[in-house]
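Working notes, structure below.
The values are calculated or read from the model by the stated rules, or taken from the named source; none is laboratory data. Worth saying up front: this structure is predicted, and the values here are computed from it rather than measured. Here the Cβ positions follow ideal geometry from the backbone for every residue, glycine too, while neighbour counts run over all protein chains shown.
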Amino acid sequence: MGLKSRAVMVAGAGIAGIQAALDLAEMGIKVHLVEESPSIGGRMPQLDKTFPTNDCSMCILSPKMSESVRHPNIKIYTTTTIDSVSGIPGDFTAKIVERAKYIDQEKCVSCGLCEEKCPVKVDDIFDMKLRKRGAVSRYFLQSIPSEYTIDPHNCLYLNKGVCRLCEKVCPAGAINFDDKDKIFEINVGAIILSGGIDSYDPIHLGNFGYRRYKNVVTSLEFERMLSASGPLGGHVVRPGDHKEPKSLAFIQCVGSRDENINHNYCSSACCMFAIKEAMIAKEHIKDLESTVFYMDIRAFGKDFDKYYEKSKDKYGVEYIKSKVSDISEDDDGNLILKYVYENGDISHKQFDMAVLAVGLQPRKSIVNLSKSLNFKLNEFGFCRSDTNLPLATTREGIFVCGAMNGPKDIPESVTAASGAAAETLKFLRLERQDISAEKDAVQEKDVAGDRPRIGAFVCHCGINIAGVVDVKDVAEHARHLPNVEYAEDLIYACSQDCMNTIKERIKEYDLNRIVVAACTPRTHEPLFRETITEAGLNPYLFEMANIRDQCSWAHMNEPWLATVKSKDLMSMGVAKARELKPLKRLPIEINPKAMVIGGGLAGMTTAISLAEAGHEVYLIEKENELGGNLRNIFFDFDSDPQVLLADTISKAESNELIHIYKNAIIKKIDGFVGNFSTTVTGNNKNEEISFDHGVVIIATGADEHVTEEYLYGRSDRIVSQVELEDILKTRKFPGTRKPKNVVMIQCVGSREEGKMYCSRVCCTKAVKNAGVLKNILPNVNIYIIYRDIRTYGFREKHYSELRDKGAMFIHYTPENKPIVELVNEKDTDSQVKVTVFDPIVNKNIEIQADMLVLATAIDAKKENIDLVKMLKVSLNTDGMFLEAHVKLRPVDFATDGIFVAGLAHCPKDCDESITQAKAAASRALTFLNKKAILAEGTICEVNDSRCTGCGYCVHICAYNAIELDPEKGTARVNDALCKGCGACVASCRCGALDLRGFTNGQMFGVFDSLEMTNVIDE
Amino acid sequence: MKNKNSLKIVSFLCKWCSYTGADLAGINRSQYPTAILPIKVMCSSRIDPVFLIKSYLRGADGILVGG
């Protein structure tokens, strides 16, 4: 098949869609990013904070949103749906329909006057109907694109033919009622579906009184209440009477784990969601008491259990294992919860407010989409995918990521998105990108040594600035500042004609520095930089004064003071501009080869993905055979792990681009992104092999915990879950007769002091192995002694099936662990006596077990520390590798060019390892698919004559960008790694370091200008 | 004591968080005193103690570090 296409359609622009688009765009693939709503961003913008770090959701998302809208390889279509897809993989034609927006997106300046004047007020969907918006509106504050759209279902003019008020008030003349739906046909090689999920609507569960009782809200509504940019401004009050609640009840599993509504799956994220909301609410209201009513707390992700423990210890959140049967309301709007404990006891408690942890469910639109695109849904209505191909839909060439094929939290969605991006490559034509030679680049003027000749421009932004600030006065002020040769006010500085004006003035007045006082550099700096580049100036000879977002909009009622502040900001901008120097972005060549450390499932999968994309891979395995932990797994619910293992090994071994080194030990890794050099010893320990490569992927796996608890090792009848798999395969049970009673104890070595993490796979493994055992010996009695059963996602189904088959589940707490004894100490074949407190019958019970199976933890490898030293990456407190950002960069390290996949990152199941391995390949390809990358312009520089070589900066740098030059003894900055934060500059005692673009000289210039700022007399 | 309208609070704002946050306050039309004079930095760790001294010497009435 001769591949031609270099384009992909990504359908759904939530965090998953954005990540997939960014990865592909960075590999040089053209992406059509299609989104149904008026803005990209998906669910994340609705969230206040994210677990387990309590990062602000919008703050971490918005850089990715901005990056995707600015990326030359990404075309965004909002208010757009997919009509149909025809053709074959590698050559699809997608027909998409962009609904009319009725506002010219080129002209709209997002000032909001139209919405202010719009007489229609409708429920705001984004704010969960907690506030009203106009029929013309922006989806949310930080929407991208930021332009307004008219909602045709609610607009008076479009429905009744009267009004057109917005048209009259729009200063930019952007309203266009003649706008029509547009149909596009786009040709793409592959498609990624990332349409996301809906939350369950609890109106169907009458017993919780949702909508009947005002003080019962959903978790997503509560999230908007907590949000500082939400309808309540972050001040939590009861919807009923606007009083601050003093007690909160969180009710878990609303619309999840519920067979009655065909939701026999776990929504995976709601436990953490509730824990987070309980903690954040406590930060808002100091004397708040929160109680979580739960069946099992499923804090199974990386560092989640520490977060859960913190909520109990530091925030005093109370957890009650029970089922809430119903809620009633008293005359004051207080809620009385009736709940049933495990042992059947019924209790009541009163709360000011209740939050329903609503589950995730497929979006309604998925049914039609699956028909028009011809892919299949699973039994719960999610997009169907296979355990071994977790990113593929049932239609070849169409992939899926995010929560569309099963409940996922944010990092899992991001990982799946990167993985899906890698999967599309087999249907695309890939080429390594050159650093694009500037199209019709204008010769850059040399300004070195020239006296600064500054041009200052002040933008009206229609009335957004000029309505408050006296812009002419600001321009006049600028005209008299030192080195300002020219000053002018412009109606819309960012409009094409005003940019042309700026370019003309540069030539006319021979300007060599430009200051624009306007909206904000966040959105407009790139545009102005491009403009001055076109006029022959280095892009870094530009400075922006923020007089809209941080002045006119923030001081709307103080026009005179806002004008004074604008002048001050102009003075500061000019002062900095005076000191600006032209900067260059230097190219760093990228070696196209990769090194993957670890030949288990994750490592092999990454290697295969990279090789299939045309890159040579060095696959380093310390054992004498490939396969890692997968070699010990023999059963899965609907696939054979050993078939997966054999397939993967054969693919890796038969690919001639993959160089496999077994029994290999890494001696040395030098270098940085694009330019690594590694030495390993192979089969022959004396022989050293060295090779160069551009990236490193760590897939070193993890170890099974060897416990000393529960008499492990004292009897053949006491085995681990991994050993049980082997027994189930060979059917050689310990003892002389087939087992009658089998006891399994969960969380052996997990979730304890010093190892406060969940090993994630053990609950599912116990359920799986118990099921296999039941199939082999239908009469066996199985007792599973557990703390919380964490069969998240669709794994829940297997848990309930096992319960239906008669397995007994007994809950224990770490304070009251089961006691294990040998019935006859002297007999090597003795039965095992397990004594455990059973809360259901409220007393200790004894089980004479023929076999005791321990779910031992997954431990981080001790050898990880060797790689930490060689690569200068970090580990978390449990010894697992620490990614760059737990939410949005789950496979990257803070240091560029190094990635992680599989158990080395944290405990995970096979399908999750495969997904992450493909994600690591995708992230690596964003580098490998370029011949070179450009270093940043605003990076640190060293003045050798001042540097004493103390090495303080080397330790300070979070990106490992500084080292001491062994010959000169002075600090040396690696341009490729420096992120330009400037921490080293502030820490340098000798003033040897400086940050280009933010030099001490430039900053001092700004402070000096303060003296000239206006002082106002009484 | 200066007139409160004359106060200058030099505000160092990290490009990645608080500078964006200050933009958001504007987009949200949250109103605050004009005394806040924002200075964008690449990271709050860039702020040298000398910056604070210089600011005060040049007449700043207060300093806000957001990062």
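Which of (1) of a type in the set (S, T, N, Q); (2) in contact (Cβ under 8 Å) with a residue 24 or more places away in the chain; (3) touching a strand residue (DSSP E or B) at 6+ places or on another chain (Cβ under 7 Å) does A:THR387 not meet, given it meets every other one?
(3)
Could you list, in sequence order, the residues of the stretch B:49-67 that are part of a loop (DSSP other than H, G, I, E, B) and of a type in the set (A, V, I, L, M)?
Across the stretch B:49-67, the qualifying residue is only B:ALA60.
Taking the stretch A:901-934 as the search range and keeping residues that are surrounded by 24 or more Cβ atoms within 10 Å (Cβ to Cβ) and among the β-branched types (Val, Ile, Thr), which one is farthest from the chain's Cα centre (by Cα)?
A:ILE914
Quick check on B:PHE51: is it more than 8 Å from chain A (Cβ to nearest Cβ), of a type outside the set (A, V, I, L, M) and within 19 Å of A:GLY1005 (Cβ to Cβ)?
no
Rundown of residues vs (1) in contact with a strand residue (DSSP E or B) (Cβ under 8 Å, 6 or more places away or on another chain); (2) under 30 Å from A:PRO739 (Cβ atoms), yes/no style:
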site: A:ASP829; (1), (2): no, yes
site: A:LYS833; (1), (2): yes, yes
site: A:ILE858; (1), (2): yes, yes
site: A:GLU863; (1), (2): no, no
site: A:ASP892; (1), (2): yes, no
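Filter the stretch A:71-108 for residues that are acidic (Asp, Glu) and in a loop (DSSP other than H, G, I, E, B); which is farthest from A:VAL169 (Cα to Cα)?
Taking the candidates together, the pick is A:GLU106.
Residues in the stretch B:5-15 that are over 17 Å from A:GLY573 (Cβ atoms) and at the interface with chain A (Cβ under 7 Å from one of its Cβ atoms): how many?
The number of residues fulfilling the criteria is 2.
Is one or more of the residues making up the stretch A:155-171 surrounded by fewer than 16 Cβ atoms within 10 Å (Cβ to Cβ), outside the structural domain of A:TYR210 (by TED's automatic domain parsing), β-branched (Val, Ile, Thr) and without any contact (Cβ under 8 Å) to a residue 40 or more places away in the chain?
Yes - at least one qualifying residue is present in the stretch A:155-171.
Return the residue satisfying two criteria in turn: it lies in the stretch A:980-996 and is in contact (Cβ under 8 Å) with a residue 40 or more places away in the chain and facing chain B (nearest Cβ under 8 Å), and of such residues it is nearest to A:LEU481 (Cα to Cα).
Restricting to residues being in contact (Cβ under 8 Å) with a residue 40 or more places away in the chain and facing chain B (nearest Cβ under 8 Å), the top hit is A:LEU995.
Would you point out the residue of the stretch A:528-565, among those that are in a helix (DSSP H, G or I), in contact (Cβ under 8 Å) with a residue 40 or more places away in the chain and hydroxyl-bearing (Ser, Thr, Tyr), that is farthest from A:ARG585 (Cα to Cα)?
That would be A:THR563.
Any chance the stretch A:225-232 includes a residue that's surrounded by 20 or more Cβ atoms within 10 Å (Cβ to Cβ) and either of a type in the set (A, V, I, L, M, F, W, C) or away from chain B (no Cβ under 14 Å) (or both)?
Checked the stretch A:225-232: at least one residue is surrounded by 20 or more Cβ atoms within 10 Å (Cβ to Cβ) and either of a type in the set (A, V, I, L, M, F, W, C) or away from chain B (no Cβ under 14 Å) (or both).
Which ones in the stretch B:20-54 are over 24 Å from A:ARG548 (Cβ atoms) and not hydrophobic (A, V, I, L, M, F, W, C)?
If the condition is that a residue be over 24 Å from A:ARG548 (Cβ atoms) and not hydrophobic (A, V, I, L, M, F, W, C), then B:SER45, B:ARG46, B:ASP48, B:PRO49, B:LYS54 are the ones that fit.
Among residues belonging to the stretch A:482-527 that are assigned to a loop (DSSP other than H, G, I, E, B), under 21 Å from A:ILE144 (Cα atoms) and not aliphatic (A, V, I, L, M), point out the one that is nearest to the other protein chains (Cβ to nearest Cβ).
Among them, the one singled out is A:THR520.
Starting from residues that are part of a loop (DSSP other than H, G, I, E, B) and more than 7 Å from every other protein chain (Cβ to nearest Cβ), keep the ones in the stretch B:31-48 and report whichever is nearest to A:TRP553 (Cα to Cα).
B:PRO33
The rows are residues; the columns are (1) within 30 Å of A:THR415 (Cβ to Cβ); (2) in a loop (DSSP other than H, G, I, E, B); (3) in the same structural domain as A:GLN721 (by TED's automatic domain parsing).
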{"position": "A:VAL820", "(1), (2), (3)": "no, no, yes"}
{"position": "A:PHE837", "(1), (2), (3)": "no, no, yes"}
{"position": "A:ILE845", "(1), (2), (3)": "no, no, yes"}
{"position": "A:GLN848", "(1), (2), (3)": "no, no, yes"}
{"position": "A:VAL853", "(1), (2), (3)": "no, no, yes"}
{"position": "A:LYS869", "(1), (2), (3)": "yes, no, no"}
{"position": "A:VAL873", "(1), (2), (3)": "yes, yes, no"}
{"position": "A:THR877", "(1), (2), (3)": "yes, yes, no"}
{"position": "A:GLU883", "(1), (2), (3)": "yes, yes, no"}
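Which pairs turn up if I take residues in the stretch A:807-818 that are in contact (Cβ under 8 Å) with a residue 24 or more places away in the chain and look for partners that are hydroxyl-bearing (Ser, Thr, Tyr) with beta carbon separation below 7 Å, at least 6 apart in sequence or on another chain?
Hits for this filter: A:MET808/A:TYR783; A:PHE809/A:TYR786; A:ILE810/A:TYR783; A:HIS811/A:TYR786; A:PRO818/A:TYR812; A:PRO818/A:THR835.
Got a number for residues in the stretch A:323-371 being over 27 Å from the mean Cα position of the chain (by Cα) and either assigned to a loop (DSSP other than H, G, I, E, B) or at positive phi (or both)?
Within the stretch A:323-371, residues that are over 27 Å from the mean Cα position of the chain (by Cα) and either assigned to a loop (DSSP other than H, G, I, E, B) or at positive phi (or both) number 10.
For a quick check of your reading: which strands (runs of 3 or more DSSP E) sit entirely within the stretch A:896-944 and have at least 3 residues that are of a type outside the set (Asp, Glu)?
Fully inside the stretch A:896-944 and qualifying: A:898-900, A:932-934.
Got a number for residues in the stretch A:643-686 being in a strand (DSSP E or B) and either surrounded by fewer than 17 Cβ atoms within 10 Å (Cβ to Cβ) or not β-branched (Val, Ile, Thr) (or both)?
13
Can you go through A:VAL414, A:VAL442, A:VAL474 and tell me which one is farther than 30 Å from A:PRO890 by Cα and out of contact with any Lys or Arg (no Cβ under 7 Å at 6 or more places or on another chain)?
A:VAL442
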